[in-house]
Amino acid sequence: LGAEYPLPVASQRYGTVPDSAWKLAKYDRKWTVADTVNATIGQGYMLANPLQLAVMAARIGSGRAIVPRLLARRELPLAEPLDIHPEAMAFVRDAMMAVVNGGGTGGQARITVPGVLMAGKTGTAQVRRITMGERRTGVLSDYATPFKLRDHSLFLGFAPAAAPRYACAVVLEHSGHISTAAPIARDALTWLFDPKRAEATLAGLEKGWGGDIATRMAVQAAEWRAARDAARAPAPVPAT
């Protein structure tokens, strides 16, 4: 987290992993216990991008300091082992397995391909808290706030959990609930193991969306042209 990766991309955002020196330099304020609590749950000053989250999942799954690459090569040097006690890594992996497969918050990420289990973690990035004044007016949930103020939904994971081959991270801005990112991760990784199963799931979803992508784009294009033509139509001449 907070790392710059050696990728040919100029738009990387490195995020922030705050500590006492960072806060003092940026805000001229001392670090507090509340800052520590916030940082441990990814809140407060903590910032990370989706690629960093995916790399974190890959490193937890493999136990090695994996670095992302854009070009696949057949021969890659084996990444160095992480300097973390094996028992601690095993505990985290078991916990991530339980999140998805043991009644945790990530049940919607459970892969239905036989023999393939996903390990993962859900998350919610708070955009803005609901104030007491808003609560008194009946605003009690994230969905009762304007779209731009709703929380972000996150999920990261790796599969197969016992011998990871793939890692992923999904961030849905302003989706407002932790469960919305998990199914996307499930469907994406399902396609890697069983494309036909994933495509069948997609076909079922598309029925509720109004058809496949080509059909939906055609409808949107027709609506846009109709609105454009209506705006261009000359105003009626008033009767004399």
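The values are calculated or read from the model by the stated rules, or taken from the named source; none is laboratory data. Keep in mind it's a predicted model, so treat the numbers as computed, not measured. Glycine also receives a Cβ, built like all others from the backbone with ideal geometry; neighbour counts cover every protein chain displayed.
Here are a few things to note about the model shown:
- Index of the failed condition, Leu51 passing every other in (1) assigned to a helix (DSSP H, G or I); (2) of a type outside the set (Lys, Arg); (3) closer than 21 Å to Ala162 by Cα: (3)
- Restricting Thr145, Thr124, Thr180 to residues that are within 25 Å of Asn49 (Cα to Cα), touching a residue at least 40 places away in the same chain (Cβ under 8 Å) and in contact with a helix residue (DSSP H, G or I) (Cβ under 9 Å, 6 or more places away or on another chain) narrows the list to Thr124.
- Criterion applied to Asp35, Asp28, Asp19 was being in contact with a Pro (Cβ under 8 Å, 6 or more places away or on another chain) and farther than 25 Å from Ala167 by Cα, and the one residue passing it is Asp35.
- Of the residues examined, Thr105 is one that is touching a residue at least 24 places away in the same chain (Cβ under 8 Å) and either surrounded by fewer than 16 Cβ atoms within 10 Å (Cβ to Cβ) or in the same structural domain as Ile184 (by TED's automatic domain parsing) (or both).
- When we screen Asp212, Asp229 for residues that are surrounded by fewer than 10 Cβ atoms within 10 Å (Cβ to Cβ) and without any contact (Cβ under 8 Å) to a residue 60 or more places away in the chain, the only hit is Asp229.
- Put simply, of Ala65, Ala88, Ala119 the only residue that is buried (at least 17 other Cβ atoms within 10 Å of the Cβ) and either in the same structural domain as Ala162 (by TED's automatic domain parsing) or under 17 Å from the mean Cα position of the chain (by Cα) (or both) is Ala119.
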